[in-house]
Amino acid sequence: MAIALRRQGFEADVVEIKKIWTVYGVGIIQQANVVRAMAQLGIVDHYLSAAYGFNFVGIYKPSGELIAKLPGDRLAGEEYPALLGISRLALHEVLTTVAIERGTQVKLGVTVERLNERPDGIEVHLTDGTAASYDLVVGADGLFSKVRTMVFPDAPKPRFTGQSVWRHNFPRRSEIDHLAAHNGRHASAGLVPLAEDLMYMYVTSIEPGNPWMDSSQLHTLMRSRMTGFGGLIHELGEGITDPGKVVYKPMEVVFVPAPWYRGRVVLLGDAAHATTPHLGQGAGMAIEDAVVLAEELSKDDCIENQLKRYMERRFDRCKFIAESSELIGKFQMDEVPDVDEKGMVEQMQRVTAEPI
């Protein structure tokens with residue numbers, strides 16, 4: 001968001017609650033619409049230099065047998081790959097470096113304490129005792145957004161879907177030069193290339209009641225969720241021996257009804273529409289939000305109309321992704337009778353290829 005604002009000529013301050021600005025160290029899938037959005041932000045070359053590009057998604061049976069290859073669209077131009085994988089650490093480094101290079105002011109270890117809106121701006125008081133006036137506050141503070149709680153006290157709360165996801169990095173195998181998605185009836189697993197020498201595995205599982213997981217046993221717990229998979233997934237599972245290398249996350253979602261703004265405060269990303277990872281579009285929707293919001297703010301109009309147009313461009317698209325992604329999870333948990341997962345991926349590709 002800060003990169004998009006600076007590109008449009010706005011001053012931007014980022015307030016981050018962490019004292020040390022880090023993210024957990026597995027990978028993330030970035031699809032064609034995200035590569036296009038990074039090009040619109042003017043950072044696609046920085047981005048690609050830290051990532052592994054590829055041009056199709058492979059759909060596999062749990063046994064490892066290839067069912068279909070789904071080509072991606074090169075939405076950023078023929079000179080760029082359709083899709084890519086990138087480690088979260090590398091993505092974080094690219095985004096923070098570019099934001100600071102472009103003049104973003106960053107405060108770490110503090111958060112918003114209170115907001116006082118006036119007709120000509122909004123006064124933001126931080127937990128370090130400082131205060132400043134702004135034209136707009138953007139709540140890009142995630143699933144458990146403090147800004148959402150402050151400004152939209154009646155908004156839905158995050159809820160556990162019934163599934164969780166397990167992730168683990170491995171040295172990249174030469175055959176993993178694409179997203180290899182293995183779809184089982186009650187679980188899915190996949191391998192995503194992140195760099196020439198790195199890839200990561202994800203495995204979804206049904207976890208009724210959102211149980212507590214013993215962090216010292218995450219390796220054995222992850223392996224126990226992989227019993228229905230063969231081929232390379234099974235082979236790699238034998239190498240999961242260090243609990244400290246397993247990242248476990250319950251799937252939690254929230255979707256805030258329109259509008260995502262009130263006065264001079266607006267939400268984007270997971271603060272407004274956190275979804276499940278089944279379609280690999282959570283971060284993509286957030287990045288698109290940032291591009292669109294900055295574009296609308298650059299237009300000569302009152303802030304109410306700017307934020308209204310942001311909603312018009314974002315709400316239905318994000319709602320489609322959230323509902324479609326969660327539907328796949330419901331199918332895996334036997335909550336709906338039948339879902340064509342391959343067809344849903346193809347539909348997602350068509351929808352996200354449309355201009356934002």
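The values are calculated or read from the model by the stated rules, or taken from the named source; none is laboratory data. Quantities reported herein were computed from a predicted structural model and do not represent experimental measurements. So basically every Cβ, Gly included, is an ideal-geometry build from the backbone, and we count neighbours across all protein chains shown. For accessibility, only protein heavy atoms count, side chains too; no ligands or nucleic acids. Shrake-Rupley method; radii C 1.70, N 1.55, O 1.52, S 1.80 Å.
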Selection status of Arg167, modelled with pLDDT of 95 or more, basic (Lys, Arg) and under 16 Å from Phe255 (Cβ atoms): no
Residues within the range 117-130 that are in contact with an Asp or Glu (Cβ under 7 Å, 6 or more places away or on another chain), without any contact (Cβ under 8 Å) to a residue 24 or more places away in the chain and open to solvent by less than 60 Å² (accessible area, probe 1.4 Å), tallied: 1
Residue identified as buried (at least 21 other Cβ atoms within 10 Å of the Cβ), within 18 Å of the chain's Cα centre (by Cα) and touching a residue at least 60 places away in the same chain (Cβ under 8 Å) among Ala12, Ala51: Ala51
So Ile328, is it in contact with a strand residue (DSSP E or B) (Cβ under 9 Å, 6 or more places away or on another chain), among the β-branched types (Val, Ile, Thr), open to solvent by 10 Å² or more (accessible area, probe 1.4 Å) and closer than 18 Å to Ile29 by Cα: no
Positions within the range 131-142 being open to solvent by less than 30 Å² (accessible area, probe 1.4 Å) and either of a type outside the set (Val, Ile, Thr) or more than 20 Å from Arg6 (Cα to Cα) (or both), in sequence order: Gly139, Gly142
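Listed here are the residues, each with its yes/no results for (1) within 18 Å of the chain's Cα centre (by Cα); (2) not polar (S, T, N, Q).
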site	(1), (2)
Gly231	no, yes
Thr241	no, no
Gly244	no, yes
Glu252	yes, yes
Phe255	yes, yes
Gly280	yes, yes
Leu297	no, yes
Cys318	yes, yes
Condition met for Ile67 (under 30 Å from Gly231 (Cα atoms) and either open to solvent by less than 60 Å² (accessible area, probe 1.4 Å) or under 19 Å from the mean Cα position of the chain (by Cα) (or both)): no
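In the range 81-125, what count of residues is obtained for those that are in a loop (DSSP other than H, G, I, E, B) and at pLDDT 95 or above?
Of the residues in that region, 8 qualify.
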Tabulated pairs, the range 183-202, first of a type in the set (Lys, Arg), second modelled with pLDDT of 95 or more and surrounded by fewer than 24 Cβ atoms within 10 Å (Cβ to Cβ), C-beta under 6 angstrom, 6+ apart or interchain: none
Subset of the range 41-62 [in contact with a helix residue (DSSP H, G or I) (Cβ under 8 Å, 6 or more places away or on another chain), hydroxyl-bearing (Ser, Thr, Tyr) and under 17 Å from Gly284 (Cβ atoms)]: Tyr47
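So that you can scan it fast, the table gives a plain yes or no per residue for (1) free of Cβ contacts under 8 Å to residues at least 40 places away in the same chain; (2) touching a His at 6+ places or on another chain (Cβ under 7 Å); (3) closer than 27 Å to Val246 by Cα; (4) surrounded by fewer than 16 Cβ atoms within 10 Å (Cβ to Cβ):
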| position | (1), (2), (3), (4) |
| --- | --- |
| Tyr24 | no, no, yes, yes |
| Ile28 | no, no, yes, no |
| Val34 | no, no, yes, no |
| Ser63 | no, no, yes, yes |
| Gln105 | no, no, no, yes |
Residue among Arg148, Arg172, Arg167 that alone is part of a helix (DSSP H, G or I), crowded, with 20+ Cβ neighbours inside 10 Å and of a type in the set (Lys, Arg): Arg148
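Table: residues versus (1) in contact with a strand residue (DSSP E or B) (Cβ under 8 Å, 6 or more places away or on another chain); (2) assigned to a loop (DSSP other than H, G, I, E, B); (3) surrounded by 23 or more Cβ atoms within 10 Å (Cβ to Cβ).
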site	(1), (2), (3)
Met213	yes, yes, no
Met222	yes, no, yes
Tyr310	yes, no, no
Asp316	no, no, no
